[in-house]
Amino acid sequence: MKKRFLSFSMAVCMVCLLTMTSCTAAEIPAVSSGNGLDSAKLTSESQPTVTFSDVPADAWYAEAINYCQQHGIMSGTTAAAFAPEATLTRAMLATVLHRMSGTPAVSDAPVFTDAVAGSWYSDAVSWAAKNSIISGYGGGAFGVDDPTTREQAVTILWRYAGEPEGAAAADISDAASVSTWAQTAVRWANANGILEGMTNNSRFDPKTNIKRGEVASMLFRFLSKTTGQQQPTAGSKTLVAYFSATNTTRPLAEYAADILNADLYEIVPEVPYTDADLAYYTSGRADREQNDSSARPAISGSVENMADYDVIFLGYPIWHGQPPRIISTFLESYDLTGKTIVPFCTSHSSGYSDSSIKSLAPGANWITGRRFAGGTSRSTVEEWINGLALPQPETAVDAVTSATSKAGFNFETKSVTLNSGYEMPINGLGTYSLHGETCVNAVKSALASGVRLIDTASAYGNEEEVGQAIREAIDEGIIEREDVFVITKIYPGSEMANPEQSIQACLDRLDIGYVDMMVLHHPDRNDVKAYQAMEKFVEEGKIRSLGLSNWYVEELESFLPQVTVTPALVQNEIHPYYQENDVIPYIQDLGIVVQGWYPLGGRGHTAELLGDEVISGIAKAHGVSSAQVILRWNLQKGVVVIPGSSNPDHIKENTELYGFELTDTEMAQINALDRNEKHDWY
Ligand code: NAP
C-alpha cells in the first residue's frame, strides 16, 4: 500500500493524549487510499525545554516525552507536570495528529452529535474524520471525551501513516486478543519498533487504555522511524567531547562523531588516572574527587574554537553515580551559552546522570541524554542519535530570534501568549515613582503612542491615576478596555496578611473592571495565602492572570508546589549590569514569562548604562538610542520590558524597538557587560 505520512511541518503546542474504551471495527472504519496526504519530513521547531517533575530522567519514556515536548507535539498538563500515567481522549488524539500534520485548514464544522462547532477540537475532529483517520460511532457521535485503547491508538496512528503493509506475526504473547480490525496495524507497529515500551513481558494488552507516556513513546518512535531527520545537517557544527579513563566511553564517542560527522575531542586529564586512582572505595583519587563537589581536575589542552560549535555531545563514564569531576572542569572552561549539550554516559550498573553538571552551563540548552552499557554497538548509538531532537542549523535571523521564540515572543504582534491563555504585549510602561498629573499624562501619552502594557502596584501609590488615565483614554476613543493589559501588585506585610481586602482595594482604586494581572510584589510569610486569594479572584473573573515579582530559583522551587495556578509571569530586576542569566532560562523552562524591572538600570543608574561605551557604540551603528539598544537586547533575550518614563519623547522612543535587530556579536558584547550589580535590595 502507498505511504501517506502526514507532514509534520509545524510543531504546535499539544495538550494531552488519547484513551477510549473498547470499540468495534465499525467504529474505526477502513481508510480509502489516495486522500492526498503527502509524505513529508519532520522539521523541528523547538519549544522551550521543560523539566517535568513527574518524569524522572531515567524513566523509560523520558526521552520520548522530552522529544514530544521539544517538538511541540505534547506539552505538560501543567507547567511542571506531564502526567505520564494519565489517559487522553479521542478529541485530544485528533488534535495531536492534526497538529502533527501542520494544522491544515478545515472549512467544515464537525457533523457529530457530541462535537461542538468552534471548540478547541472542532477543526481536528473534522480533519480526522474527513481523512478517515478517526471516524465517529454508528449513532452519529465522535466520542469526543472517550478514552482510547492501545489497539485503537495504534490503529489510528497506522491510518495516519497511510495504512502501510503489516508484517508477518506480531512478536507479542497476546496477539490472539488483538481485534481483527487492529491486527495489521499492530503487526506494523510491532515490526517498526513502535510498540517498544508498550509491552510488558511481551504482552501488549490491546484492550487497556493507553497512557500519555505511552502515547509520547509511540509518537516518538513513529516519527523517529519514519522521518529519520533529527541529526544536525551540514552547517550545524557539532563537537563530540568525551572523557574515557578506561576506554569504555571512547568507542561510543567515536561512533557518535562518525555518525554526526562531528569533530572529536578527548578530555585528557593533566594527571592521568592510574588503576589505583580508579579503584572504588579505597579513598583513592576518584573516590575523593567524587566526594568533593568542588574538585576540578585540570585538563590538558582545550577546545580553541569552541565558539564554532552549536551542539556538543558530552561523553563520560559514571563514577559513584555521577559524572567525573573533570566534566565539571570542562563545562566551566567555556561559555556554552546558547549551545545544545547532549550528554551520554557509560556505566555497568548506574543509571543516566547529568543533574550535578547541568547548573555548570546554565545558559545551554540541555537535552536529556542516555546511559549506555560498555560495548554498546554502533547501530544502537545511531538509533539513539536519530531519535534526538537536535537543533537544525540556524540562519542568521533564526539565531537572533531563537531566544525570543523560546520565550514565545511574537515580534509581529509584539506580544506573548501567557500560560493563562491571555496575550500580553512585550513592551510597556512602568509607573514606579510617577504620581498625580505626571502619572496620568505619562500613561495617556503611552497609550497614545501605542503602548498597551502598563505596570503599577499598590506600593507605588498611583493606581488611581493609572485607572483614571485608562478610563480617560477609553472615553476619548484612544483605546478600548480590552486593548490594554494592566498589571498591579500587592505588597508584603499587612496587604498579604489580608489579601482579599488588599486585592479588592487594588480593583477599586484602578476602577477599570477587571485587572489583567495581579502580582505578589515580594516573597512574604503570607505569600501562599495571598496567592490563593488571588486564585479565587481569577475564578470570579476579576483578575485574569497571576504573577510573582522578586522570586528567584529557590523561592520558586518552594513556592510553586504550594499553589494551583502556575504564575504566568515573574518580574525581576534585569539590565545589562544585572542579567540574571541563570534565572531567566529556569523561569522560561517552567513556561513562565520573564519581565524585567529597572531595564535601564533604574533612576540614578540610567546615565551610566545609557553612556556605556559598548551600548552607545552599538546604538550608533544602528542609528538608534542607547535606551532602544538595551530594550531590544532584553526582547531578544525573551524578556518583556517596562521602562519607566514621564517624558513623552522617551515613551515613544521606547516603543520603537522593532525596526532593527542586534546581531549575535552585539548580543554577546552586551552579555559580557554583566557585573552581577543589583541596583535595588530585593
Ligand atoms: P527604568 O525604567 O530602568 O528607568 C527609568 C528612568 O529611565 C527614568 O529616569 C526615565 O527618565 C529614564 N528613561 C526612560 N526612557 C528613556 C529614554 N528613552 N532615554 C533616556 N532616559 C530614559 O526604571 P524604573 O522606571 O524604576 O523601572 C521600570 C519599571 O519597573 C517601574 O516603573 C516599575 O513599573 C517596575 N519596577 C518593579 C519593581 C518590582 O519590585 N517589581 C521594582 C522596580 C521597578 P524620563 O522620565 O526622563 O524618561
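Taking every residue in the range 60-80 that is at positive phi and pairing it with any residue that is assigned to a loop (DSSP other than H, G, I, E, B), at least 6 positions away or on another chain, the pairs with Cβ-Cβ distances below 9 Å are Gly72/Met10; Gly72/Ala11; Gly72/Val12; Gly72/Cys13; Gly72/Met14; Gly72/Glu45; Gly72/Ser46; Gly72/Gln47.
Pick from the range 550-598 the residues that are aromatic (Phe, Trp, Tyr) and at negative phi: which of them is nearest to the ligand (Cβ to nearest atom)? Walk me through how you get there before you give the answer.
Residues of the range 550-598 aromatic (Phe, Trp, Tyr): 551-552, 559, 577-578, 586, 597-598.
Now narrow it down to the ones that are at negative phi: 551-552, 559, 577-578, 586, 597.
Numbers: Trp551: 10, Tyr552: 12, Phe559: 16, Tyr577: 11, Tyr578: 11, Tyr586: 18, Trp597: 3 Å.
Within the range 550-598, the match that is nearest to the ligand (Cβ to nearest atom) is Trp597.
Per the conditions (1) within 11 Å of the ligand (Cβ to nearest atom); (2) touching a residue at least 12 places away in the same chain (Cβ under 8 Å); (3) farther than 23 Å from Val466 by Cα, the sole criterion not satisfied by His622 is (1).
Can you spot a residue in the range 520-539 that is of a type in the set (Asp, Glu), surrounded by 15 or more Cβ atoms within 10 Å (Cβ to Cβ) and within 30 Å of Gln628 (Cα to Cα)? No.
Among the residues of the range 650-661, at least one is open to solvent by less than 60 Å² (accessible area, probe 1.4 Å) and assigned to a helix (DSSP H, G or I).
Among the listed residues Lys358, Lys339, identify the single one that is open to solvent by 30 Å² or more (accessible area, probe 1.4 Å) and under 21 Å from the mean Cα position of the chain (by Cα). I'd like the intermediate steps shown before the answer.
On the way: Lys339 fails: open to solvent by 30 Å² or more (accessible area, probe 1.4 Å).
Going through Lys358, Lys339 in turn, the sole match is Lys358.
Would you point out the residue of the range 634-649, among those that are in a loop (DSSP other than H, G, I, E, B) and within 20 Å of Gln595 (Cβ to Cβ), that is farthest from the ligand (Cβ to nearest atom)? If we take residues in the range 634-649 being in a loop (DSSP other than H, G, I, E, B) and within 20 Å of Gln595 (Cβ to Cβ), then Gly638 is farthest from the ligand (Cβ to nearest atom).
Taken over the range 426-456, the residue count meeting the criterion of being in contact (Cβ under 8 Å) with a residue 40 or more places away in the chain, more than 10 Å from the ligand (Cβ to nearest atom), of a type in the set (Gly, Ala, Ser) and surrounded by fewer than 23 Cβ atoms within 10 Å (Cβ to Cβ) is 3. Residues in the range 171-228 that are touching a Phe, Trp or Tyr at 6+ places or on another chain (Cβ under 8 Å), of a type in the set (A, V, I, L, M, F, W, C) and crowded, with 20+ Cβ neighbours inside 10 Å: Ile172, Val178, Ala185, Val186, Trp188, Ala189, Ile194, Leu195, Met198, Ala216, Phe220, Leu223.
Would you check if Glu495 is acidic (Asp, Glu), crowded, with 22+ Cβ neighbours inside 10 Å and either under 30 Å from the mean Cα position of the chain (by Cα) or under 23 Å from Trp551 (Cβ atoms) (or both)? Taking the combined requirement at face value, the residue satisfies it. Would you mind stating whether Ala79 is of a type outside the set (Val, Ile, Thr), at pLDDT below 80 and open to solvent by less than 30 Å² (accessible area, probe 1.4 Å)? Yes. Against the test of being in the same structural domain as Ile312 (by TED's automatic domain parsing), at pLDDT 75 or above, small (Gly, Ala, Ser) and at positive phi, the options Gly369, Gly375, Gly408 yield a single qualifying residue, Gly375.
Candidates Ala505, Ala459: the one that is away from the ligand (no atom under 11 Å from the Cβ), assigned by TED's automatic domain parsing to the domain that holds Pro599 and not charged (D, E, K, R) is Ala505.
Out of the residues in the range 299-334 meeting the condition of being out of contact with any helix residue (DSSP H, G or I) (no Cβ under 8 Å at 6 or more places or on another chain) and either outside the structural domain of Arg370 (by TED's automatic domain parsing) or of a type in the set (D, E, K, R) (or both), tell me which one is farthest from Gly369 (Cα to Cα). Selected residue: Glu304. Test Ile474 against the criterion of being of a type in the set (A, V, I, L, M), in a loop (DSSP other than H, G, I, E, B), in the same structural domain as Lys542 (by TED's automatic domain parsing) and more than 14 Å from the ligand (Cβ to nearest atom), and give yes or no. Against the criterion (of a type in the set (A, V, I, L, M), in a loop (DSSP other than H, G, I, E, B), in the same structural domain as Lys542 (by TED's automatic domain parsing) and more than 14 Å from the ligand (Cβ to nearest atom)), Ile474 does not qualify. Of the residues making up the range 602-619, those that are within 10 Å of the ligand (Cβ to nearest atom), open to solvent by 30 Å² or more (accessible area, probe 1.4 Å) and not in a helix (DSSP H, G or I) are Arg603, Gly604, His605. Would you pick out the residues in the range 566-581 that are touching a residue at least 60 places away in the same chain (Cβ under 8 Å), open to solvent by 10 Å² or more (accessible area, probe 1.4 Å) and part of a loop (DSSP other than H, G, I, E, B)? If the condition is that a residue be touching a residue at least 60 places away in the same chain (Cβ under 8 Å), open to solvent by 10 Å² or more (accessible area, probe 1.4 Å) and part of a loop (DSSP other than H, G, I, E, B), then Thr566, Asn581 are the ones that fit.
The values are calculated or read from the model by the stated rules, or taken from the named source; none is laboratory data. Quantities reported herein were computed from a predicted structural model and do not represent experimental measurements. For neighbour counting, all protein chains shown are included, and Cβ atoms are generated from backbone atoms with ideal geometry for every residue, glycine included. Accessible surface areas use protein heavy atoms only, side chains included; no ligands, DNA or RNA. Shrake-Rupley method; radii C 1.70, N 1.55, O 1.52, S 1.80 Å.
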